1. Pull up segment 283-335, narrow it to residues that are touching a residue at least 24 places away in the same chain (Cβ under 8 Å) and among the acidic types (D, E), then point me to the one that is surrounded by the fewest Cβ atoms within 10 Å (Cβ to Cβ).
2. Could you please find all residues in segment 162-195 being assigned to a helix (DSSP H, G or I), surrounded by fewer than 17 Cβ atoms within 10 Å (Cβ to Cβ) and at pLDDT below 80?
3. Going by what's in this entry, would L28 be described as surrounded by 22 or more Cβ atoms within 10 Å (Cβ to Cβ), not in a helix (DSSP H, G or I) and not small (G, A, S)?
4. For segment 476-489, which residues satisfy the criterion of being in contact with a helix residue (DSSP H, G or I) (Cβ under 7 Å, 6 or more places away or on another chain) and either assigned to a loop (DSSP other than H, G, I, E, B) or touching a residue at least 60 places away in the same chain (Cβ under 8 Å) (or both)?
5. Quick check on this structure: which one of R84, R37, R43 is surrounded by 17 or more Cβ atoms within 10 Å (Cβ to Cβ) and modelled with pLDDT of 85 or more?
6. If we scan segment 212-219, do we find a residue that is at pLDDT 85 or above, part of a helix (DSSP H, G or I) and closer than 10 Å to L170 by Cβ?
7. Quick one: E21 ticks every box in (1) within 19 Å of R107 (Cα to Cα); (2) out of contact with any Ser or Thr (no Cβ under 9 Å at 6 or more places or on another chain) except a single one, so which number is it?
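The values are calculated or read from the model by the stated rules, or taken from the named source; none is laboratory data. Predicted, not measured: the structure shown is a model, and the values here were computed from it. Methodologically, a virtual Cβ is constructed for each residue, glycine included, from the backbone with ideal geometry; neighbour enumeration extends over all protein chains shown.
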Amino acid sequence: MSDTPVRFNKRTARAMRAVYEGEKDGALISETAGAKRLVYFERGYLVGAKSELVAERLGEVIVGEGGVTREQLEEATRFIRSGRKLGRILVELGYLKSGQIETYVRRQIIRIASAILTSNSQRLAFSTVIPVEAVTLSPVSIGDVFLDAAFHLTDIGLYREKLLLDDYVLAQTPDALALAGHMKLSNDDAKVLDLVDERNRVGDILSASALSEDRTLRLLLALHQAGIVALRQTEAPAEAPAGENKPSSSSEAPAPTPPDPFESELISAFNDMQCQNHWQVLGLQRDAAYGEIDRAYQDRCRRFDPEKYRHILDSDFQEKLSSVRARLKEAFVTLSSKTSTRVYDSMVDREGQYAEKRETWETIGDAKTEPASAASLAAAAQESQGRVKNPEEAKALFNQAKRAYKEQDFWRAIELCRASIEISGENDPERFHFLGRALLENPRWRQDAEQNLKIAHNLKPWEPRYVVSLAKLYEKVGLQHRAQRLYEQVRVMDPDYVIRDDLEGRKANSDASAEDVLDVNAV
């Protein structure tokens, strides 16, 4: 055990209070010599957290709290490579009840946030550009974080002497009810808070509390640091003037905009493109000549000219327009080159085969409308165990997959990488990242590409390359704002990271190069 005293980090405490008071959305990032941690906020409440430390992962939290055994956790972990959440797997295996998962998720969030609050951060930053990943339906109050941290402090006497002074009375702040109302306080804890009435001093509260002196002091300290309780030097300050009523809006709502003749056409085209190949996007047969391809592309560019939609300011609509134009350009660039058309043809021919194999690649199906039975999961476990794990062969298959990718044989790269994942015996984020990159080459597989890239990111959340690949996926489909947010996230995660424009294994001067497809100026 470390001899370093555990104390509140004043800078972190101020940051958490500022996020709560400002009702902010974003992520608070902390880097110490031993780990990187991150907590997500929505409207000032904690809704998710990540940590590089194994001990702070959800599975370890559940084992530490006695929810499951180590053997049960290891059995459940085998199914994670299918993209399923650990909590859901534990429920479907019958090791936990669904209602218990929320409790453990909250405990994990509090544990990580508490560690940030009591760590000597070398780097602390709050970012509003990192997408919030909410994992709980019951947001966590910063008060619960301060309370958990207070019980890990090594020297409560230090605060007793310098903060919780006997010649001060304690008063509840204006935000006390709102903030404390979201805390998981015990009945005795709540009674201590009731004693904070602008008349009682610390000594008075210690005498009246049913809790031990140590616990009462830690509770008062947590309430004070969270901004629920304040110290008053006078007996009772004059009441603040009644808050001004917020003026009700008397302005009339603007008249509804009449239906736009072009808007429904664009939205219809966007929806259709989600399941179309490049020829269908351009309205062509597969044997179309270059002249037909060029005319079809130019015609659709005029049809979806951004100038026709400048009056529609809705950001969601403008992103759909950007996506449609990016997809048109990608189809044109791909089909304009014999080489890229041949590569794309080979993938389109494999779409039926891919759909069949995709079912066998899912260890536990995601399309179930009801939780899987214990029997079906046991059968899945036996099937998973039946696949002989061979790390050396898995490594060789992965190397073959990378060679196939460089040769633009993307289907073979996908098959080899999947086989490598199945027999590797471990959740290697690099292989999921590679699989997502290969799937990205076919527009109709991009939902699966996104899922695999997210799996890689979840397995190793601090790897900027994985975030960049997700950004490039969104950029490729025209979701420029989403892509830019991820690029900003990378700059926050690692200010020294250089975002490369080239993709591995591609020729810079290829007619169908990735950067030509991703040309932002063309959208």
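1. In this case the residue turns out to be D294.
2. K162, L177, A178 - these are the residues of segment 162-195 that are assigned to a helix (DSSP H, G or I), surrounded by fewer than 17 Cβ atoms within 10 Å (Cβ to Cβ) and at pLDDT below 80.
3. yes
4. The answer is K476, V477, G478, L479, Q480, H481, R482, L486, Q489.
5. R37
6. Checked against the condition, which is being at pLDDT 85 or above, part of a helix (DSSP H, G or I) and closer than 10 Å to L170 by Cβ, segment 212-219 yields no hits at all.
7. Failed condition: (1).
For every residue, the table says whether it meets (1) of a type in the set (S, T, Y); (2) at pLDDT below 80; (3) closer than 25 Å to L231 by Cβ; (4) not assigned by TED's automatic domain parsing to the domain that holds I205.
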position	(1), (2), (3), (4)
A115	no, no, no, yes
N120	no, no, no, yes
F126	no, no, no, yes
T136	yes, no, no, yes
I142	no, no, yes, yes
